[in-house]
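Rule-based calculations on the coordinates, nothing more; no lab input. Since we're looking at a predicted model, the values are computed, not measured. Every residue, glycine as well, gets a Cβ built from its backbone with ideal geometry; the counts of neighbours run over all protein chains shown.
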Amino acid sequence: MDIENKLQKSIDLYLNNFGIFFLTISIGTIISIISMGILAGPLIGGAMVLTLNLIRNKPATFREIFSHFDKFLPTTLISLPSLFFLLIIQKVPIIGVFLGIAFSPFILVIMAFAIVLIIEKNYPPLPALKEALTFIKTDPVIIWIYALIALILSAIGAVAFGIGALLTVPFSVICMTVAYQDYLGQRIS
């Protein structure tokens, strides 16, 4: 995985399609927060499919983010445990922050890949998780660094501006989708 290439592609994609990303992913993020993560699975999947459409030069509309609630149960079986695990490990006294830094990049990749596989390729949850883990095994250190950079850049908005997270959170979704598209071209038929 070429980190620099993927990050540049993600930045270019975001800047060239800022309006649709900002609107859809911001609304999806707000709804996910209000629903306490319950609706995160299909909304993340919708955001990733929207991003895939843009990468593949297909039509991409705002409605895409809300078009995958037929996959509510399988995507929620991935998203809620992932989010819950991240909350729990960060609450561990003394080392929680370090555990969060260590595990968050992998959890982000696993969750994102599994959700988009469920939606795009109609995978059941366990095979989707298995395929996500297969991706991580291709180059775990580089993938961890790539996901960590995406998380750090996304977190800058939350730390620096609070509400600015709505400007930076879409970047993580785009980064995961760019990595997925690259992997898809190499592995999944």
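A few remarks follow.
- Simple spin-label estimate for LYS130 and ARG63 in nanometres, 7 Å along Cα-Cβ: 3.6 nm
- Scaled radius of gyration (Cα, divided by 2.2 N^0.38 Å) that the range 3-184 gives: 0.95
- When THR61, THR177 are arranged by Cβ crowding within 10 Å, least crowded first, meaning fewest neighbours, the order is THR61, THR177.
- Listing TYR123, TYR146 from fewest to most neighbouring C-beta atoms within 10 Å gives TYR123, TYR146.
- The range 1-157 - percent relative contact order, Cα under 8 Å, separation 6 or more: 21 percent
- Sorted by Cβ neighbour density within 10 Å, fewest at the top, the residues GLU120, GLU64, GLU4: GLU4, GLU120, GLU64
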